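The structure appears below as structure tokens.
The values are calculated or read from the model by the stated rules, or taken from the named source; none is laboratory data. Model, not experiment: these values are computed from the prediction. Ideal geometry is used to build each Cβ from the backbone, glycine not excepted, and the neighbour counts take in all protein chains shown.
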């Protein structure tokens, strides 16, 4: 799976999707980094960026939750991105980790404005930032968007493990990563359970066999699932590295305020903007 080294590296940088469009998270923020952008779309609830007048900050607080509705904000975000493109500037889509919310808007922009399919848009953004993983609710909304735009869909939601839904384009990627890192014996055991990248399905009775594989590391799985559904704990291992929490340290100054979950960063940017 995506290595910790890759996750650590990419979480601490802003990834270029287009010359005018970048995706990033809190771990990448600094006055110098922000000085490179003329517009920042902040998608983090309770996180405020106070910047000089020459930098435009658009606050669209959205939780990274499957039930969060994105459609009311498509037009606003796409217009900001396109205005930045026309002015030869750079725009940063900012969420906590640069994995779900910001990646979703970047993918949707490529679909709506550049007419890419959802599959191709996802693969492009994923190539630019390997750690992206929109939540399943966001994927469903992008699938619905593609249906409206193209009259067909190129990504589907599948259930490779009982009770666990995932976009097929993500499952194919994770399945291949698992196969590449397993021993031959483990690959044979996995195939014996009929777990495939296309029509994979793990039933409740298969869990014990699956747990015997080296890919199931109980020490790395958060014990948040009911003991009645051990298969959910098994599949969570597949996503562990991709979904792990990145602990961000934001430099403190005398004017920074952290109170009740509200973080205000007052940034004094240098007059000269740095270049990439």
inquiry  = Among the listed residues 145, 110, 116, 94, identify the single one that is buried (at least 17 other Cβ atoms within 10 Å of the Cβ) and free of Cβ contacts under 8 Å to residues at least 24 places away in the same chain.
reply    = 116
ask   = Yes or no: residue 23 part of a strand (DSSP E or B), within 17 Å of residue 134 (Cα to Cα) and in contact (Cβ under 8 Å) with a residue 12 or more places away in the chain?
value = yes
note = By my count, strands (runs of 3 or more DSSP E) wholly in the range 43-109 with at least 2 residues that are on the phi < 0 side of the Ramachandran plot and under 18 Å from the mean Cα position of the chain (by Cα) are 91-94
remark   = If we ask which residues in the range 154-177 are more than 17 Å from the chain's Cα centre (by Cα) and touching a residue at least 60 places away in the same chain (Cβ under 8 Å), their number turns out to be 6
task = Within the range 8-20, track down each residue that is touching a strand residue (DSSP E or B) at 6+ places or on another chain (Cβ under 8 Å), part of a loop (DSSP other than H, G, I, E, B) and surrounded by fewer than 17 Cβ atoms within 10 Å (Cβ to Cβ).
result = 13
ask   = Looking at this structure, is residue 87 loosely packed, with under 15 Cβ neighbours inside 10 Å, at pLDDT 95 or above and more than 30 Å from residue 167 (Cα to Cα)?
value = yes
remark   = Over the range 110-133, the set of residues in a loop (DSSP other than H, G, I, E, B) and touching a strand residue (DSSP E or B) at 6+ places or on another chain (Cβ under 8 Å) is 129, 132
